[in-house]
Structure formats: C-alpha cells, structure tokens
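> The following block contains the structure, expressed as structure tokens.
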Amino acid sequence: MRAVVFTGTRSVEVRDEPDATVEDPDDAVIRITSSAICGTDLHMYDGRTGAEPGLVLGHEPLGVVDQVGSAVRTVKRGDRVVIPTHLYCGLCINCARGLSAACLRVRPGGFGAAYGYAGMGPYRGAQAELLRVPFADANCIPVPGEPGDDREDDLVMLADAFVTGWHATELARVSPTSTVAVFGAGTVGLLAAYSCLLKGAAEVYVVDSVPERLDKAGELGAVPVDFRRADPVEQIRELRRSAGLPPGEEEMAGVGVGIDAVGFQAHDRTTPGVENPGQVIGDLARLVEPGGHLGIAGVYAEKDLHPAPGGHDDGRLTVPWATLFAKGVTVGFGRTHDRRYTVPLRDLVLSGRARPGRVVSHHGTLDDAPHFYDDFDRRANGVVKAVVHP
C-alpha cells in the first residue's frame with residue numbers, strides 16, 4: 001500500500017509500505033477514501049515530539065471496510081465507516097466510564113492510543129490506502145452513503161476535528177447565551193467556535209493572525225480578531241463594549257468562556273515568528289471573567305525535543321495560576337473521549353444541522369501530501385484544512 005511516511009524534520013514522503021492486514025480476530029482493515037491532515041501532525045512534522053523516521057502519519061480516516069476478523073460482529077465488508085483518532089477497547093473500566101482516550105487495553109504499560117502518533121502506541125497512521133483497526137466493533141462507526149458523496153468532507157471531520165472542537169466546548173462548559181473567546185483558528189478552533197454557535201452561544205470571538213483562517217471564522221458566524229493589529233484581549237473588550245454589554249456587566253467586558261485551541265507551539269504576539277508557549281493561557285487568564293470557564297484543547301506535549309524559551313522538554317510550563325485562582329476560573333484539560341461524541345455528532349451531521357466540512361480548503365491525492373504539509377506548516381497558500389483521497 002502507498003502511505004505518507006515521516007522521514008525527518010519537515011520531511012514526509014509517499015512510499016510503498018506493507019499492506020495493513022487482519023492480525024487479531026477482532027481487527028478490521030479499512031480502505032481509506034478520505035484522510036485529513038491535522039495540526040497535531042505538524043508537531044511531529046516539525047520534529048518536536050520524538051516521532052521516529054518511518055512512522056506512517058495520520059489519524060483522521062473515513063473509508064470502507066475491506067476485511068474483517070472472525071470475531072467482528074457489527075460491521076462487514078463494504079460498510080462505510082469513520083474511525084475515531086483514539087483507539088479504545090470499549091470494555092475496560094475507563095471505556096465503561098466514558099473515558100475512552102484513557103483506554104487501558106490499547107497501550108500496555110500506559111493508557112490511551114492513537115494512529116500515527118508519536119508516543120501513543122505502535123499503530124500505523126491513516127494517510128495511507130489501508131488501515132488496520134483493532135477492536136473494530138468499538139472503533140468502526142457506521143455512516144451512510146457512498147464514497148465521494150456530498151457528505152464526504154463532513155463525515156471525515158468526525159474522525160477528529162469536529163469531535164475535538166465539540167469536546168473543547170464541553171471542557172469549557174459552553175451553554176446557550178455563553179460569551180466565548182477561542183484562541184486559534186486552526187480546524188479545531190474553527191470547529192470549537194462552530195460548536196459553540198450550534199449550542200446557542202450569544203457571542204463567539206476567534207483569535208488568530210492568518211487571514212484565510214479569520215475569514216473562515218467569519219463565514220461560520222464568529223467574530224474574527226486579528227492579534228497582529230493589537231492586544232486581542234483589549235480588542236475583544238472593546239468589541240463587547242461597542243456592541244453594548246448586558247446590564248450589570250459594564251465593569252467587566254471580558255468573556256465567560258475561553259478556549260485554547262493552540263497549545264504549546266503558540267507564537268509570541270510581540271515578536272513575530274518566536275514561540276511563547278504561555279502566551280495563549282496568559283491572555284485567556286486576563287480575559288475570562290470571574291467565575292468563568294477555560295477549556296484547553298490545544299496539545300501540550302509531554303516530550304518536546306526543541307522547547308521554546310519559557311517551555312521545557314518535559315512539557316512543564318509556567319501558568320498564571322494565581323490569576324485563575326483569584327477569579328475562581330474552572331479549567332478543563334485533555335484529549336478527546338471520542339466514544340462520548342462520535343455517534344451523536346454523526347447524527348447531527350446526518351440531520352443536516354451541522355456541516356463541519358465547511359472548514360476544508362484543499363483536496364488532493366496522497367502524492368499531494370508533501371506540499372500540503374509544507375504549506376500547512378508555513379500557513380501558506382490558504383491551506384486551512386487539507387484532505388487527501390488515497
């Protein structure tokens with residue numbers, strides 16, 4: 001099979017790899033029809049998280065079941081399925097509690113696993129023609145239709161981006177009438193903002209510096225805020241004041257909810273091109289009002305081979321805890337527990353209420369992956385979300 005393979009810092013190649021096969025009775029093999037490139041893939045592409053050359057990348061697949069093991073009961077050859085990023089057995093105590101990203105059976109000696117992801121198990125990635133899916137009855141989510149139909153982009157977003165965006169809103173306790181600031185207009189940030197709007201949030205601001213991303217935020221119904229123009233915290237406060245604050249809120253003008261959709265590779269606002277891993281959390285601590293909520297969906301890596309000033313190779317970070325404590329802000333962290341969300345969000349897509357595929361900007365074949373990675377990493381040529389079709 002052909003696959004996108006990490007070959008070194010900022011280098012990927014399309015290579016011939018051994019075909020994925022059924023290795024255990026509860027496995028399935030999926031023939032991939034769409035596989036998206038994620039911002040998390042860039043952490044490995046940039047040489048930050050210790051990915052080894054030869055790793056097949058990708059964790060956002062949609063496809064058709066090609067083979068099933070003898071113990072698989074709920075899917076069969078020819079079924080169209082979306083595959084969640086995080087593998088889970090569906091049976092261990094953490095899965096039973098809805099904590100599928102902390103499954104105890106998919107990575108012996110640890111918890112949780114993902115496809116094509118450094119430090120998250122031995123599983124090859126999904127930017128390939130074929131993908132082995134362990135615990136197939138739990139991990140194959142059936143979807144209707146045919147490959148390439150008008151829901152293809154929406155359904156592939158269920159593998160990770162839409163689910164993670166929705167998870168961010170759960171971490172941040174978004175509810176109807178919430179005022180929300182999302183920092184980061186990558187796909188997860190955009191779909192977090194979109195999820196806030198689906199939940200009935202009153203105001204949603206999206207902070208970034210890439211024009212195409214900010215334009216997309218506006219298309220989705222959020223208010224774009226370009227941090228290159230001025231301090232985004234003050235911009236949002238001024239926007240809220242000029243629009244008219246609800247009675248009693250005149251002395252605050254912050255937001256009730258903040259979402260970090262950037263993570264450890266955040267850039268310093270005052271020094272373009274220089275990373276500052278504490279920038280976003282610091283801004284959100286200033287912006288979120290007393291009694292508010294903060295959701296951290298951006299990745300903070302436990303291993304960083306080239307930490308920025310203010311960061312550490314083991315992921316430690318100085319955070320303004322005193323400010324958050326004084327304000328009584330609740331903080332939610334963590335990877336997405338896919339099992340909680342994938343089926344309900346699938347049904348939201350099938351009902352026509354949600355069209356998360358609106359964030360997709362580019363399509364191509366596996367052969368296009370190297371230049372998609374390059375453009376995406378440099379925030380060039382309008383790449384917001386690229387999907388390859390093996």
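> In nm², what is the average projected area of the convex hull enclosing the Cα atoms of the stretch 206-271?
Mean projected area for the stretch 206-271: 5.3 nm², to one decimal.
> What number do you get for the stretch 116-201 when its Cα radius of gyration is normalised by 2.2 N^0.38 Å, N = residues?
1.31
> What full-extension length gain, to one decimal in nm, is calculated for residue 77 and residue 202 as 0.36 nm per residue of separation minus the Cα-Cα distance?
40.5 nm
> While we're on this one: If you place +1 on the Cβ of every Lys and Arg and -1 on the Cβ of every Asp and Glu, how big does the dipole about the Cα centre of the chain come out, in debye to the nearest 20?
860
> Only residues of the stretch 1-25 count here: report those whose backbone N is under 18 Å from the spot 7 Å along Cα→Cβ of residue 367, or say none.
1-5, 12-17, by backbone N distance to the label point.
> Could you provide, to the nearest whole Å², the per residue accessible area of the stretch 89-151 with probe 1.4 Å?
41
> Sort out for me the Cα centre separation of the stretch 158-187 from the stretch 329-390, rounded to whole Å.
With the stretch 158-187 and the stretch 329-390 each reduced to a Cα centre, they are spaced 13 Å.
> While we're looking at this one, here's another question. On alpha-carbon atoms, Rg over Rh for the stretch 245-312 using Kirkwood Rh?
So for the stretch 245-312, dividing Rg by the Kirkwood Rh gives 1.08.
> Another question about this same structure. Using a Förster distance of 56 Å, how high is the FRET efficiency between residue 241 and residue 70, based on the Cβ-Cβ distance and rounded to 0.05?
0.30
> If N is the number of residues in the stretch 323-388, what value comes out of its Cα radius of gyration divided by 2.2 N^0.38 Å?
After normalising by residue count via 2.2 N^0.38 Å, the value is 1.64.
> Additional query: What is the ratio of the Cα radius of gyration of the chain to 2.2 N^0.38 Å, with N the residue count, to two decimals?
So the chain has a normalised radius of gyration of 0.96.
> Along Cα→Cβ, 7 Å out, is where each label goes; now give me the distance between the ones at residue 234 and residue 302 in nm to one decimal.
Taking the two extended label points, one gets 4.1 nm.
> Could you work out the helix-only [θ] at 222 nm for the chain, with each DSSP H run of four or more residues adding -39,500 (n - 2.57) and the total divided by the number of residues, to the nearest 500 deg cm²/dmol?
-7500 deg cm²/dmol
> What are the principal axis extents of the Cα atoms in the stretch 283-371, in Å, biggest first?
46, 35, 24
The values are calculated or read from the model by the stated rules, or taken from the named source; none is laboratory data. Because the structure is predicted, anything quoted here is derived from the model rather than measured. Neighbour counts are summed over all protein chains in view; Cβ atoms, including those assigned to glycine, are modelled from backbone coordinates with ideal geometry. Ligands, DNA and RNA are excluded from the accessible area calculation, which covers all protein heavy atoms including side chains. Shrake-Rupley method; radii C 1.70, N 1.55, O 1.52, S 1.80 Å.
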